[in-house]
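Peer 1: Supplied in structure tokens, the structure appears directly below.
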Amino acid sequence: MESLIMDAAKRAAEYLNGLDNRRVGPSPESLIGLSKFNQPLQDDPIAPESVLQELDTLGSPATVASTGGRYFGFVTGGSLPAAMAANILASAWDQNAVLGISSPTASALEKVSREWLNSLLGLAPTTEVGFVSGATMANFTGLAAARHALLDAQGWDVESKGLFGAPSIEVIVGNEVHVSLLKALSLLGFGRERVVRVPVDAQGRINAAAFPVIHEPAIVCLQAGNVNTGAFDPLEEICSKVRSANTWVHVDGAFGLWAAASPSTRHLIKGLEKADSLATDAHKWLNVHYDSGLVFVKDKRHLNAAMSASAAYLLEGETRDPHLFVPEMSRRGRGIEIWAALRSLGRKGLAELIDRCCAHAQRMAKELSTAGFEILNDVVLNQVLVSFGSPELTRSVITGIQRDGVCWCGGTEWQGRTAMRISVSSWATTDEDIDKSLESIIRVAGDAKKSG
């Protein structure tokens with residue numbers, strides 16, 4: 001076992017050391033090589049060493065180098081060294097983070113991380129935190145707590161009676177609501193189409209002046225960090241406007257929530273503490289492994305009531321039982337890597353990570369604008385939207401950049417415009433990475449424009 005683990009560690013180190021000298025997107029040849037995985041399952045066992053070698057030889061070249069410094073797609077962070085090392089140790093521990101008694105370490109690290117996170121984000125110390133798979137499940141969990149709280153106030157026990165015959169709950173979202181939140185609403189029985197949509201401005205922010213009259217009970221869904229522009233809904237203004245015992249405010253902050261961790265960007269998220277629940281990804285701007293997300297609920301009772309399960313064989317102990325705050329029962333100890341990332345960075349390190357990504361985004365926008373390309377958003381965070389001209393030309397440039405391999409950026413549609421989105425979210429991105437990426441983008445765009 002020791003030699004196998006050492007071999008895996010050696011291969012992993014070689015992969016990481018080679019990121020600067022390889023394409024960000026896999027080459028066509030490496031993708032063809034994946035076809036060698038497609039074979040019937042053999043009858044006899046194969047040595048673990050051979051399995052690892054095959055996995056590395058065929059799989060590693062065909063990965064997307066998203067943990068490197070020049071991947072700017074889908075708001076994807078890299079993996080911090082401390083988080084990566086913790087992930088390796090956590091895999092060896094193989095803990096089931098369902099109960100404190102099944103994994104005292106996982107339970108303890110979640111508890112400590114909860115306290116650190118609440119302090120970093122300026123939330124009340126009593127705010128409860130659930131460690132989930134990502135922002136979709138964080139939105140689901142926070143909205144499930146909202147559903148419980150609002151229906152319980154109407155005398156309806158949704159956990160036992162379901163939604164058949166339940167009082168109606170109005171759901172209000174902005175026109176730029178993210179699909180992950182709509183998916184969560186549909187999973188909870190609220191539907192994607194019956195929501196009330198509020199107009200937004202040119203940056204995707206909810207227009208507070210156009211906010212409708214609320215028919216209580218109601219859930220108001222706000223956004224902290226638009227996935228295209230990085231813009232924030234006016235949290236404080238809307239929270240103050242809708243404050244009521246029969247209204248719940250939920251904030252989808254998949255990546256933008258981390259703006260609260262830096263003094264330089266904290267003003268963007270003013271009023272965050274007034275929300276009832278919040279959702280974010282840890283595998284985005286905190287830079288831990290997939291899969292990792294966080295849900296914050298101000299009143300622990302509602303989260304616990306919506307998520308807890310009772311079974312005779314689950315004898316709960318005196319320690320914090322993680323399953324009481326998330327949808328899953330058996331799951332890995334996600335809090336282990338989150339603890340390692342926070343312990344490694346500290347307050348100043350996390351703030352510097354956020355600020356550095358924002359500075360890189362500002363520079364990308366400035367130099368692309370100087371080169372003659374149109375920046376479509378106010379770059380307030382880590383997101384840059386750029387148009388290279390017509391929709392056809394912009395799509396051609398995006399394809400060319402991905403084929404060039406120096407960096408990776410994806411395409412999007414923004415308020416009727418075809419654009420390329422640059423999301424700077426990784427601790428690993430350096431000034432040199434930005435230099436190389438800008439050279440590639442400007443060169444590819446220039447060639448595409450010349451060729452028509």
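Peer 1: Hey, among Asp321, Asp281, Asp233, Asp252, which residue is at pLDDT below 95 and surrounded by 18 or more Cβ atoms within 10 Å (Cβ to Cβ)? Explain how you work it out, then say what you get.
Peer 2: Details: Asp281 fails: at pLDDT below 95; Asp233 fails: at pLDDT below 95; Asp252 fails: at pLDDT below 95.
Only one candidate qualifies: Asp321.
Peer 1: A further question on this structure: One residue is enough: does the stretch 386-397 have a residue meeting the conditions in a strand (DSSP E or B) and either in contact with a helix residue (DSSP H, G or I) (Cβ under 8 Å, 6 or more places away or on another chain) or of a type in the set (Lys, Arg) (or both)? It would help to see each step written out before you state the result.
Peer 2: Just the residues of the stretch 386-397 that are in a strand (DSSP E or B), to begin with: 386-387.
Then drop every residue that is not either in contact with a helix residue (DSSP H, G or I) (Cβ under 8 Å, 6 or more places away or on another chain) or of a type in the set (Lys, Arg) (or both), which leaves 386-387.
Among the residues of the stretch 386-397, at least one is in a strand (DSSP E or B) and either in contact with a helix residue (DSSP H, G or I) (Cβ under 8 Å, 6 or more places away or on another chain) or of a type in the set (Lys, Arg) (or both), which makes the answer yes.
Peer 1: Select from the stretch 365-385 the residues that are within 26 Å of the chain's Cα centre (by Cα) and in a strand (DSSP E or B) and write down the one among them that is surrounded by the fewest Cβ atoms within 10 Å (Cβ to Cβ).
Peer 2: It comes out as Ile375.
Peer 1: Could you check the stretch 39-67 and list, in sequence order, the residues that are within 25 Å of Val24 (Cβ to Cβ) and of a type outside the set (S, T, N, Q)? Before the answer, list the steps.
Peer 2: The initial filter retains those residues of the stretch 39-67 that are within 25 Å of Val24 (Cβ to Cβ), namely 52-67.
Hits for the stretch 39-67 are Leu52, Glu54, Leu55, Asp56, Leu58, Gly59, Pro61, Ala62, Val64, Ala65.
Peer 1: Please tell me if Val227 is in the same structural domain as Leu303 (by TED's automatic domain parsing), free of Cβ contacts under 8 Å to residues at least 12 places away in the same chain and β-branched (Val, Ile, Thr). Don't jump to the end; show me each part of the working.
Peer 2: Values: in the same structural domain as Leu303 (by TED's automatic domain parsing): yes; free of Cβ contacts under 8 Å to residues at least 12 places away in the same chain: no; β-branched (Val, Ile, Thr): yes.
When the stated conditions are applied, Val227 does not pass them.
Residues are listed down the side, and each one gets a yes or a no for (1) in a helix (DSSP H, G or I); (2) touching a Leu at 6+ places or on another chain (Cβ under 8 Å); (3) modelled with pLDDT of 95 or more; (4) hydrophobic (A, V, I, L, M, F, W, C):
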| residue | (1), (2), (3), (4) |
| --- | --- |
| Ala145 | yes, yes, yes, yes |
| Leu151 | yes, no, yes, yes |
| Ala166 | no, yes, yes, yes |
| Lys183 | yes, no, yes, no |
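Peer 1: Could you tell me whether Ala144 is buried (at least 24 other Cβ atoms within 10 Å of the Cβ), in contact (Cβ under 8 Å) with a residue 60 or more places away in the chain and in contact with a helix residue (DSSP H, G or I) (Cβ under 8 Å, 6 or more places away or on another chain)?
Peer 2: Numbers: buried (at least 24 other Cβ atoms within 10 Å of the Cβ): yes; in contact (Cβ under 8 Å) with a residue 60 or more places away in the chain: yes; in contact with a helix residue (DSSP H, G or I) (Cβ under 8 Å, 6 or more places away or on another chain): yes.
Yes: the conditions hold for Ala144.
Peer 1: So, one more: Being among the hydroxyl-bearing types (Ser, Thr, Tyr) and within 22 Å of the chain's Cα centre (by Cα) is the filter; apply it to the stretch 56-90 and report the residue that is surrounded by the most Cβ atoms within 10 Å (Cβ to Cβ). Reasoning before the result, please.
Peer 2: Here is the first cut: in the stretch 56-90, the residues among the hydroxyl-bearing types (Ser, Thr, Tyr) are 57, 60, 63, 66-67, 71, 76, 79.
In the following step, the residues that additionally are within 22 Å of the chain's Cα centre (by Cα) were identified as 63, 66-67, 71, 76, 79.
Values: Thr63: 13, Ser66: 21, Thr67: 21, Tyr71: 27, Thr76: 21, Ser79: 23.
So, considering only residues that are among the hydroxyl-bearing types (Ser, Thr, Tyr) and within 22 Å of the chain's Cα centre (by Cα), the one surrounded by the most Cβ atoms within 10 Å (Cβ to Cβ) is Tyr71.
Peer 1: Determine which single condition Lys300 fails, assuming it passes every other condition in (1) crowded, with 24+ Cβ neighbours inside 10 Å; (2) charged (D, E, K, R); (3) more than 20 Å from Asp252 (Cβ to Cβ).
Peer 2: Here Lys300 meets the rest and fails (1).
Peer 1: Restricting the search to the stretch 1-54, which residues are closer than 30 Å to Thr399 by Cα, exposed (fewer than 14 other Cβ atoms within 10 Å of the Cβ) and over 29 Å from the mean Cα position of the chain (by Cα)?
Peer 2: Within the stretch 1-54, Glu29, Ile32, Ser35, Lys36, Phe37, Asn38 meet the criteria.
Peer 1: Out of the stretch 258-281, which residues are in contact with a His (Cβ under 9 Å, 6 or more places away or on another chain) and over 18 Å from Ile238 (Cα atoms)? Can you show your working first?
Peer 2: In the first step, residues of the stretch 258-281 are kept if they are in contact with a His (Cβ under 9 Å, 6 or more places away or on another chain); the result is 259, 275-279.
Hit for the stretch 258-281 is Ala259, nothing else.
Peer 1: While we're on this one: Of these, Ser180, Ser160, Ser186, which one is under 18 Å from Ala279 (Cα atoms), free of Cβ contacts under 8 Å to residues at least 12 places away in the same chain and of a type in the set (Ser, Thr, Tyr)? Steps first, answer last, please.
Peer 2: Working: Ser180 fails: free of Cβ contacts under 8 Å to residues at least 12 places away in the same chain; Ser160 fails: under 18 Å from Ala279 (Cα atoms).
Only one candidate qualifies: Ser186.
Peer 1: While we're looking at this one, here's another question. Sort through Leu345, Leu381, Leu353 and tell me the only one that's among the hydrophobic types (A, V, I, L, M, F, W, C) and in contact with a strand residue (DSSP E or B) (Cβ under 9 Å, 6 or more places away or on another chain). Walk me through it before giving the result.
Peer 2: Working: Leu345 fails: in contact with a strand residue (DSSP E or B) (Cβ under 9 Å, 6 or more places away or on another chain); Leu353 fails: in contact with a strand residue (DSSP E or B) (Cβ under 9 Å, 6 or more places away or on another chain).
Just one listed residue meets the conditions, Leu381.
Peer 1: Next up: Here is a check on your reading of the model: is Glu216 outside any loop (DSSP other than H, G, I, E, B), more than 30 Å from Gly73 (Cβ to Cβ), acidic (Asp, Glu) and assigned by TED's automatic domain parsing to the domain that holds Phe296? Steps first, please.
Peer 2: Numbers: outside any loop (DSSP other than H, G, I, E, B): no; more than 30 Å from Gly73 (Cβ to Cβ): yes; acidic (Asp, Glu): yes; assigned by TED's automatic domain parsing to the domain that holds Phe296: yes.
No; evaluated as a whole, the condition is false for this residue.
Peer 1: For the structure I just gave you, tell me whether Ser244 is farther than 19 Å from Thr76 by Cα, assigned by TED's automatic domain parsing to the domain that holds Leu99, part of a loop (DSSP other than H, G, I, E, B) and touching a residue at least 40 places away in the same chain (Cβ under 8 Å). Walk me through how you get there before you give the answer.
Peer 2: Values: farther than 19 Å from Thr76 by Cα: yes; assigned by TED's automatic domain parsing to the domain that holds Leu99: yes; part of a loop (DSSP other than H, G, I, E, B): yes; touching a residue at least 40 places away in the same chain (Cβ under 8 Å): no.
Judged against the criteria, Ser244 is not a match.
Peer 1: Mind listing whichever residues of the stretch 124-152 are within 17 Å of Leu188 (Cα to Cα) and acidic (Asp, Glu)?
Peer 2: Selection gives Asp152 alone.
The values are calculated or read from the model by the stated rules, or taken from the named source; none is laboratory data. Computed from a predicted structure; not experimentally measured. When we count neighbours, we look across all protein chains shown, and the Cβ atoms used for this are built from the backbone with ideal geometry, even at glycine.
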